[in-house]
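Below is one structure, written out as structure tokens, with a few remarks after it.
The values are calculated or read from the model by the stated rules, or taken from the named source; none is laboratory data. Just so it is clear, the structure is predicted and the values come from calculations on it, not from any experiment. Cβ placement follows ideal geometry from the backbone for every residue including glycine, while neighbour counts extend to all protein chains displayed.
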Amino acid sequence: MRLLADENIEREVVELLREMGHDVTWGHDAHPQWSDPEVLRLAVTEGRILLTEDKDFGELVYARGLLSVGIVLLRFSSDDVAVNMPILQRAMPEIERHGEGYFAVVTDRRVRFRPLGVRPAEH
């Protein structure tokens, strides 16, 4: 799966996803301090699902109608990356099965999916 990890995602999470075989670009290295719309445009341009902890992306795609390949929003109750990484690792197969075109919210207990509506053209 092609992912763009927002700059708020911890390095350990990016490394875990890469070890799992995902193609991950990390905003912290690639484009630090970009605005949310710029990050979303980059994800679309590169055909990547955005991985973030920022709830504002929901407003951008649903209220403002910006395009997205897909978004995975991490909403864990703990700030401890060591606690959260196994949760994400267990959630990834379900996220992969759904693929593009969804806004997924990963919590401690489950993954919720909502269709995005308008998607960019195939890349």
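Matching residues to (1) surrounded by 11 or more Cβ atoms within 10 Å (Cβ to Cβ); (2) closer than 22 Å to PRO115 by Cα; (3) of a type in the set (S, T, N, Q):
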site	(1), (2), (3)
LEU67	yes, yes, no
LEU74	yes, yes, no
SER77	yes, no, yes
ASP80	no, no, no
ASN84	yes, no, yes
LEU88	yes, yes, no
ARG97	no, yes, no
Unmet criterion (only one of (1) in contact with a Pro (Cβ under 9 Å, 6 or more places away or on another chain); (2) under 14 Å from MET1 (Cα atoms)) for LEU60 = (2)
Counted residues, region 1-58 - those being modelled with pLDDT under 95, closer than 15 Å to LEU88 by Cα and basic (Lys, Arg) | 1
In region 25-52, the residues that are surrounded by fewer than 15 Cβ atoms within 10 Å (Cβ to Cβ) and of a type in the set (A, V, I, L, M, F, W, C) = ALA30
Matching residues in region 28-56 - criterion: being among the small types (Gly, Ala, Ser) and over 11 Å from the mean Cα position of the chain (by Cα) = ALA30, SER35, GLY47
